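The values are calculated or read from the model by the stated rules, or taken from the named source; none is laboratory data. Since the model is a prediction, treat every value here as computed from it, not as a measurement. The area values use the complete protein model at the heavy-atom level, side chains included, leaving out ligands, DNA and RNA. Shrake-Rupley method; radii C 1.70, N 1.55, O 1.52, S 1.80 Å.
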Amino acid sequence: RPSDGASSPFVGEVSLEEAQRNCMHSVAAYAVVQYILQLKDRHNGNILIDSVGRMVHIDFAYMLGWAPGGITFEKSAFKLTKDVVDVWGGRSSPLWDEFVELVIAGLLAVQAHHALILRDVELIAASGARFPFLKEVVELGGFQMKTLSKSKKRILQLLRRRFKLYKSPQKLRSFALMMIEDAYENFWTRTYAKFQLLTNGIPP
């Protein structure tokens with residue numbers, strides 16, 4: 001810890017149990033964020049671990065349907081690999097059960113506050129800013145060129161759909177369980193990791 005005894009979110013030592021829980025909590029939070037905002041390019045070069053065990057994502061250029069090269073290898077709602085879950089004690093551990101409940105609670109929370117999130121994205125879309133996720137890559141004469149992507153209306157429609165506003169809490173729970181099961185060791189997640197290893201030397 002810092003010599004003056006001051007606490008810091010990025011500096012310090014914690015027990016193994018605290019680090020495991022911190023890791024699980026952060027993965028649960030990012031799972032919801034990845035699903036709602038459709039974060040892509042989630043290879044291990046863009047996922048860090050801080051000194052107390054939390055997963056920290058960086059590089060948010062690819063979101064809301066925009067993926068590297070315009071090709072979406074990452075098909076699952078979020079990244080959830082066996083090696084991370086094993087840190088918590090595996091799928092039979094209490095931390096796994098807590099993770100599932102936190103993801104469900106997170107989806108219920110964003111559903112309840114969907115209007116605020118939609119408003120912020122609407123402001124970005126209406127601002128005229130040329131964010132990468134408002135563009136797509138097309139081939140023209142053998143060259144890749146960026147052009148305006150899906151209509152902003154379509155981006156907002158897809159975002160709104162992800163909140164599952166028509167689902168009751170019980171049906172949203174069922175949807176979350178299905179989404180978690182699909183994300184765990186997803187084939188496309190592993191394929192993208194292999195692609196990054198072959199092309200950029202980033203270990204899976």
Hey, can you grab everything whose amide H is under 5 Å from the amide H of ILE49? Only 5+ residues off in sequence or another chain; H modelled, so Pro and N-termini drop out.
VAL56
For region 19-67, the spread of Cα positions along each principal axis, largest first, Å
33, 20, 11
Excluding residues on the same chain fewer than 8 positions from LYS75, give the aspartates and glutamates whose Cα lies under 18 Å from its Cα.
ASP41, GLU136, GLU181, ASP182, GLU185
At 1.4 Å probe size, with no ligands or nucleic acids counted, give the accessible surface of SER92 in Å², nearest ten.
110
Determine the alpha carbon to alpha carbon distance for each of LYS171/LYS194; LYS152/LYS194; LYS82/LYS194; LYS82/LYS171; LYS79/LYS164; LYS153/LYS194 and list only those over 23 Å.
LYS171/LYS194; LYS152/LYS194; LYS82/LYS171; LYS153/LYS194
In whole Å, what is the distance between the alpha-carbon centres of region 97-121 and region 150-204?
14
Using a 1.4 Å probe, how large is the accessible area of MET55, given in Å² and rounded to the nearest 10?
30
If ligands, DNA and RNA are left out, what is the accessible area of THR81 with a 1.4 Å probe, given in Å² to the nearest 10?
20
